Amino acid sequence: MRLLPTALLAIALLPASTVAQSAGAAAAIAERLDTARAGQLYVSNDPADHSTGRDFERDARARMRTDSIYEAVTDGVVDFARITYRSRIGDMDIPAYVFQPIDKRGRGGHPALIWVHGGVHGNWSENYWPFVREATARGYVVIAPEYRGSTGYGKQHHDAIDYGGHEIDDVMTAYDWLVENLTHVDAERVAIMGWSHGGYISLLAATRADHPFKAAVGIVPVSNLVFRLSFKGPRYQRSFSTQERIRGLPFEKREIYKERSPLYQVEKIQVPVLVHVATNDDDVNFEEAEALVHKLQVMKPDLAETRIYENPAGGHSFSRRVNEQTLERDDTPEQRDSWNRVWAFLEWNLRPYEGI
């Protein structure tokens, strides 16, 4: 069908008209632009902007303080060491803390826990001590990897953060180190666990086809980065959009964020998982957490053990309350209940009493 000249003219004029309207709208906005608000909303996608203003020396001092505390509290109580292994990715050395019972059983006599710390840029802190001490008393060997992005190891380690990406490989390599170096660890009785970002890594690792874990525990876990970044806003978004292997926001890198969100990977879980969340969590808000709990209940009713705690003291930290002076548990009914369930879940799946 031949187009009439008037139709051709309309088609030719349409782009120019649209451009003119857009330019006019932009000019009108520019006249009343709130530059302060615009600056707050700006989110860079340049990795060079990732760690602006970070005090790496302070991070290093804090880590050395933590190391010294662990040297003191573990003396005569737990076999404690700091080790380093090469990530299976092949690009970085990953430091880790190792806690073991002093009296070792025979070959394959101990189950193990890969215990993952939280924080977008976090570290293994002394506040884990009372819980780790209890784990070793129950017969577990514990390894806590300081995966890429962890603080206290300098700018290069910090800026290598790959949330939901290679950090998973860093953590899974801890399993390789355990079975290659500790003959008293049973390779068939290893679980992965953590709080918050650590819970996120634990659940996401459990969705990988090649994972070696018998079970996974995620307490108040991050679960949906697409929702989370929209809910938290620009300040939080900058920690993700400036990562080297992301370089953008969910609307720009939708598939990356979905692949790195446990909520969208639930169907891949094939081992028992335990998830506890809190309704008054102001970090992993319940609006994010409840979707994961409900999906697990629907899609994995035979594998998932979930519990929602109603307004527990501590909110996001409800099950890791510790007296900072004594480094003893600061228990509440909810904390006791959560840990009783965690230990029962791990005992059922890892059988720590075997090998005694």
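The values are calculated or read from the model by the stated rules, or taken from the named source; none is laboratory data. Only a predicted model underlies this, so the values are computations on that prediction, with no experimental measurement involved. Don't worry about glycine lacking a Cβ; one is built from the backbone with ideal geometry, like all the others, and counts go over all protein chains shown.
For (1) under 30 Å from G152 (Cα atoms); (2) of a type in the set (S, T, N, Q); (3) modelled with pLDDT under 95, each residue gets a yes or a no:
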| site | (1), (2), (3) |
| --- | --- |
| L9 | no, no, yes |
| A12 | no, no, yes |
| Q21 | no, yes, yes |
| A28 | no, no, yes |
| F56 | yes, no, no |
| A62 | yes, no, no |
| R65 | yes, no, no |
Hey, among R336, R307, R341, which residue is assigned to a helix (DSSP H, G or I), farther than 29 Å from H184 by Cβ and among the basic types (K, R)? R336
Kindly establish whether R88 is surrounded by fewer than 19 Cβ atoms within 10 Å (Cβ to Cβ), within 20 Å of the chain's Cα centre (by Cα), modelled with pLDDT of 95 or more and more than 21 Å from T242 (Cβ to Cβ). yes
Could you list, in sequence order, the residues of segment 292-327 that are free of Cβ contacts under 8 Å to residues at least 24 places away in the same chain and among the basic types (K, R)? R321
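Examine segment 161-183 for a residue that is of a type in the set (S, T, Y) and either part of a strand (DSSP E or B) or at positive phi (or both), and state whether such a residue exists.
From segment 161-183, those of a type in the set (S, T, Y) are 163, 173, 175, 183; that's our starting set.
Filter once more, keeping what is either part of a strand (DSSP E or B) or at positive phi (or both): none.
Within segment 161-183 (the criterion being of a type in the set (S, T, Y) and either part of a strand (DSSP E or B) or at positive phi (or both)), the answer is no, since none of the residues qualifies.
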Restricting attention to segment 244-265, which residues are in contact with a Leu (Cβ under 6 Å, 6 or more places away or on another chain) and not in a loop (DSSP other than H, G, I, E, B)? Y257, P262, L263
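Against the definition (within 12 Å of the chain's Cα centre (by Cα), buried (at least 24 other Cβ atoms within 10 Å of the Cβ), at pLDDT 95 or above and part of a loop (DSSP other than H, G, I, E, B)), how does G149 come out, yes or no? If you could, list the steps in order and put the result at the bottom.
Numbers: within 12 Å of the chain's Cα centre (by Cα): yes; buried (at least 24 other Cβ atoms within 10 Å of the Cβ): yes; at pLDDT 95 or above: yes; part of a loop (DSSP other than H, G, I, E, B): yes.
Taking the combined requirement at face value, the residue satisfies it.
Within segment 246-294, track down each residue that is of a type in the set (K, R) and exposed (fewer than 15 other Cβ atoms within 10 Å of the Cβ). Working first, answer last.
Step one: list which residues in segment 246-294 are of a type in the set (K, R), which gives 247, 253-254, 258, 260, 268.
Listed by number, the residues that qualify are R254, K268.
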Would you be able to say whether some residue in segment 206-215 is in a strand (DSSP E or B) and crowded, with 21+ Cβ neighbours inside 10 Å? yes
Give me the pairs: first residue in segment 88-117 and at negative phi, second residue part of a loop (DSSP other than H, G, I, E, B) and at pLDDT below 95, beta-carbon distance under 6 Å, and six or more apart or on different chains, which are they? R105/G355; G109/G355
First in segment 328-356 and farther than 16 Å from V273 by Cβ, second anywhere and loosely packed, with under 15 Cβ neighbours inside 10 Å, Cβ under 7 Å, 6 or more apart: D330/N323; G355/G106
Exactly one of (1) within 15 Å of P145 (Cα to Cα); (2) without any contact (Cβ under 8 Å) to a residue 24 or more places away in the chain is unmet by T52. Its number? (1)
Across (1) under 26 Å from D330 (Cα atoms); (2) in contact (Cβ under 8 Å) with a residue 60 or more places away in the chain, A137 clears everything bar (2)
